[in-house]
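Please read the structure below before turning to the comments.
The values are calculated or read from the model by the stated rules, or taken from the named source; none is laboratory data. Because the structure is a prediction, the values reported are computed rather than measured. A quick note on method: Cβ atoms are made from the backbone with ideal geometry, for glycine too, and the neighbour counts reach across all protein chains shown.
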Amino acid sequence: MLLSLSCGFALMGCPLFNEFLPDPQDTVDLYGEFIEIRLGSDFSVKDTLYIQFEDKIEYAFTQIKASRLLLHRDTSTCKSSELLDCRPLPFPALPNSRSSFWSLRSLNCVDSAALPIPKNGKSFQRYSSEKDSWVYVSPSPGEANSQYESGIKDCAIRIKQAKYLEKKWQIQLQVLNCDSSLVEWTILPLKYRNLDESKTMTITDSLWIFSRYEGESLLFKAALSLDENIQNNQVDTLLFLHESPPVYLTEVHHCPEEPTPEWIEIYNQENRALPLVHFGLGERGLISSSVEDSIDSHQSLILTKDTLAFIQSKGLADLFFKQVALGYLKNTSDTIFLTYKNTVLDSTIWNKKTGIECPSGFNPKTGRAENTPGFQGRGLKIQAKTSPFSFKINTRVISKSIDENSLQILIESEEGVLIELLSGQGNLLWHMKNNALNHNWISIPIKQKGQLGPNFIRLSVGHYEKVVGVVLRP
């Protein structure tokens, strides 16, 4: 009788149990357990919802202002909104080794849930509002599951197509399951460190977005207005030309001399840092990193399964390292894929035809043996087109005794460039910051600060630098 009442009232818009997680996998039960209830269209903020576990204490919940109630052990992981009301889970530990029974009631509604034995790390997801029927799924606390739930507010967005024309990207967005929505989009061109563009627009069926800035690579983000299923209402992707990926493989050492572990090197040729959390080696796994980690502009990154062993064998502790599950790289023939999310950025293969004998490593771009961890060889033309600055210097030889001549440099850049005067031994003698877009000749005080003989001018933006030799004569 209880089941039939539940069915009838659920169809009329009554509250019903929607998802249970009794046995979380990524955290202890004390922090991960939750129960999710859909309130239904007939439920009012003035109503009271009563929930009971088997024959234990019945708990009352009032002033529920959203369409979905999430009872969670750790409410810090849940953010209340107009669609979701987050509350502490008051019940004792949920059974994770036996079946259980739950019931709820409101003014004119009842519902129940007879749950079987849980599976570790899996939620019970209701797949019919008309039945007490459940399926094991990955947990989605506070979020609608469009595969099993009906009657939800679920406007989805996707990139229908993207074109690169006249050195600029054009992106067509499309919405699904709704007629129109507000969309907020952001373009971060990788050619420029600090430039971006962002707008909020109305999208009806589809919308073309045209980047103002030139550049072969960009990060693109778009998000629709909040709805019940947040899994499909945003886009966050990297657009690039496949012949010129923003990050690529620069060295592969598949059979180094013991005790050095196998390692590879990747390089960010762009002028903007990229978050490492989405980078990986395909099926070998993601790079071990936090959400704060990034690969900076013009920076080289060493990837190895044992960073400590690499440092001890090479003695290069000042390089940028990250751990990755390389697995076992075969000496005779194997393949490496560098990925960003589900997109392949770069790949390389080696075999007998490669002509690289162990223990040598090689550069996939040149096909030649190379062993320069943390540094890029001069043979890569691909780097030059994304240099963050260009410069001219009026002379390479200057006399300290002649008043009329001076050392001057002209820098063209859309970013600030650090200018440093170094002695022949590499000691810093003087420095200044040239502001972005300051395309004026700058005097270098080599007569006052420099040393007789060879000196160096170093120009740098982030990890990208150029060094020019200058001779100071008496």
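Please work out if residue 407 is touching a strand residue (DSSP E or B) at 6+ places or on another chain (Cβ under 9 Å), at pLDDT 90 or above and under 28 Å from residue 214 (Cα atoms).
Working: touching a strand residue (DSSP E or B) at 6+ places or on another chain (Cβ under 9 Å): yes; at pLDDT 90 or above: yes; under 28 Å from residue 214 (Cα atoms): no.
For residue 407, the condition - touching a strand residue (DSSP E or B) at 6+ places or on another chain (Cβ under 9 Å), at pLDDT 90 or above and under 28 Å from residue 214 (Cα atoms) - is not met.
State all residues of region 43-56 that are part of a strand (DSSP E or B) and touching a residue at least 60 places away in the same chain (Cβ under 8 Å); if no residue qualifies, say none. Spell out how you get there, then give the answer.
If we filter region 43-56 for residues that are part of a strand (DSSP E or B), which is where we start, we get 49-53.
Of everything in region 43-56, nothing turns out to be part of a strand (DSSP E or B) and touching a residue at least 60 places away in the same chain (Cβ under 8 Å).
Residue-wise test of (1) surrounded by 20 or more Cβ atoms within 10 Å (Cβ to Cβ); (2) within 22 Å of residue 370 (Cα to Cα); (3) of a type in the set (Val, Ile, Thr); (4) modelled with pLDDT of 90 or more.
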{"residue": "266", "(1), (2), (3), (4)": "yes, yes, yes, yes"}
{"residue": "271", "(1), (2), (3), (4)": "yes, no, no, no"}
{"residue": "282", "(1), (2), (3), (4)": "no, no, no, no"}
{"residue": "294", "(1), (2), (3), (4)": "no, no, no, yes"}
{"residue": "304", "(1), (2), (3), (4)": "yes, yes, yes, yes"}
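Please determine, by comparing only the residues of region 437-458 that are crowded, with 16+ Cβ neighbours inside 10 Å and touching a Ser or Thr at 6+ places or on another chain (Cβ under 9 Å), which one is farthest from residue 375 (Cα to Cα).
Of all residues in region 437-458, those crowded, with 16+ Cβ neighbours inside 10 Å come to 444, 446-447, 450, 455-458.
The next check asks that each one be touching a Ser or Thr at 6+ places or on another chain (Cβ under 9 Å); those that pass are 444, 446-447, 450, 455-456.
Working: 444: 28, 446: 29, 447: 32, 450: 28, 455: 22, 456: 19 Å.
My answer is 447.
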Exercise. Can you name every residue in region 310-330 that is more than 22 Å from residue 276 (Cβ to Cβ) and modelled with pLDDT of 90 or more?
Worked result: 330
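Considering only strands (runs of 3 or more DSSP E) fully contained in region 77-171, which possess at least 1 residues that are more than 23 Å from residue 62 (Cα to Cα)? Show your work before the answer.
On the way: elements: 85-88, 100-105, 110-115, 123-126, 134-137, 156-165.
Correct list: 100-105, 110-115, 123-126, 134-137, 156-165.
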Exercise. From 353, 341, which residue is of a type outside the set (A, V, I, L, M), on the phi > 0 side of the Ramachandran plot and assigned by the TED database to the domain that holds residue 267?
Worked result: 341
Seminar exercise, completed: With the first residue restricted to region 458-474 and required to be at negative phi, and the second required to be surrounded by 16 or more Cβ atoms within 10 Å (Cβ to Cβ) and among the basic types (Lys, Arg), Cβ contacts under 7 Å at 6 or more apart or on different chains are 465/458; 467/458
Exercise. Looking only at region 83-127, which residues are closer than 21 Å to residue 151 by Cα, surrounded by fewer than 20 Cβ atoms within 10 Å (Cβ to Cβ) and of a type in the set (Ser, Thr, Tyr)?
Worked result: 112, 127
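Would you check if residue 326 is in contact with a helix residue (DSSP H, G or I) (Cβ under 9 Å, 6 or more places away or on another chain), touching a residue at least 40 places away in the same chain (Cβ under 8 Å) and assigned to a loop (DSSP other than H, G, I, E, B)?
Numbers: in contact with a helix residue (DSSP H, G or I) (Cβ under 9 Å, 6 or more places away or on another chain): yes; touching a residue at least 40 places away in the same chain (Cβ under 8 Å): yes; assigned to a loop (DSSP other than H, G, I, E, B): yes.
Criteria met by residue 326.
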For this session: Kindly establish whether residue 60 is farther than 25 Å from residue 149 by Cα and touching a residue at least 40 places away in the same chain (Cβ under 8 Å).
Result: no
Problem set entry | Residue tally, condition surrounded by 10 or more Cβ atoms within 10 Å (Cβ to Cβ), part of a loop (DSSP other than H, G, I, E, B) and of a type outside the set (A, V, I, L, M), over region 57-66 | 1
Exercise. Which of the following residues is outside the structural domain of residue 358 (by the TED database), buried (at least 20 other Cβ atoms within 10 Å of the Cβ) and without any contact (Cβ under 8 Å) to a residue 40 or more places away in the chain: 287, 209?
Worked result: 209
